[in-house]
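Presented below is the structure to which this report refers.
The values are calculated or read from the model by the stated rules, or taken from the named source; none is laboratory data. Since the structure is predicted, the reported quantities are computational estimates derived from the model, not experimental observations. Positions of Cβ are generated from backbone atoms using ideal geometry, with glycine treated the same way; all protein chains shown enter the neighbour counts. Surface accessibility is based on the protein's heavy atoms, side chains included, excluding ligands, DNA and RNA. Shrake-Rupley method; radii C 1.70, N 1.55, O 1.52, S 1.80 Å.
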Amino acid sequence: QVQLVESGGGLVQPGGSLRLSCAASGISFNNYALGWYRQAPGKQRELVAGITRGRSTNYADSVKGRFTISRDNAKNTVYLQMISLKPEDTAVYYCNARLDIRSSWGQGTQVTVSS
């Protein structure tokens, strides 16, 4: 059974930093492409950052230069380092693991950027 568990969300002031983690189980982690998505109230879920098996990365324009995605295959964990956070980064952040047509989601972690 595939399980993705996010952690690291919380309340942070504008300009602050957070690191999100997503621990995976039940999959051959090395083979999966991984991504972080977010969904703000009243908005559609959007891709924030992705990383392939070969560690190629891509980012939404809105987070380039501020967010960094990485993966640790030994720990079956994907990370999202976020710096210079803005109020518009406030959302529930979801981890996704994808291989071919298989796609699994975590339960999400809330990130709130506010003074």
**Prompt:** How many Å² of accessible area per residue for the chain, probe 1.4 Å?
**Reply:** 54
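Based on alpha-carbon positions alone, could you give the equivalent ellipsoid semi-axes of region 17-70 from the gyration tensor, as √(5λ), descending, whole Å?
That gives 21, 14, 11 Å for the three semi-axes.
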**Item:** Nearest-0.05 FRET efficiency for residue 19 and residue 61, computed from C-beta distance (R0 35 Å)
**Value:** 0.95
**Under 16 Å from the Cα of residue 43 - aspartates and glutamates, other chains or at least 8 residues apart** = 88, 89
**Table column - 3J(HN,Hα) (Hz), region 100-111, Karplus curve with 6.51, -1.76, 1.60, x for Gly and Pro** = 6, 8, 7, 9, 10, 10, x, 8, x, 9, 7, 10
**Fill in**
Expressed in square angstrom to the nearest 10, the accessible area of residue 70 with a 1.4 Å probe stands at 50
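Considering only protein heavy atoms, with the full assembly of protein chains and a 1.4 angstrom probe, order 89, 72, 61 by accessible area, largest first. Mind showing how you got there, number by number?
Numbers: 89 0, 72 45, 61 125 Å².
Listed by decreasing accessible area, they come as 61, 72, 89.
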**Item:** Accessible-area value, residue 43, 1.4 Å probe, nucleic acids and ligands omitted, Å²
**Value:** 140
**Request:** Give me the percent of the accessible area of the chain that comes from carbon and sulfur atoms, probe 1.4 Å, all protein chains in place.
**Result:** 46
**Complete:** Under a 1.4 Å probe, counting only protein heavy atoms, residue 102 has an accessible area in Å², nearest 10, of 120
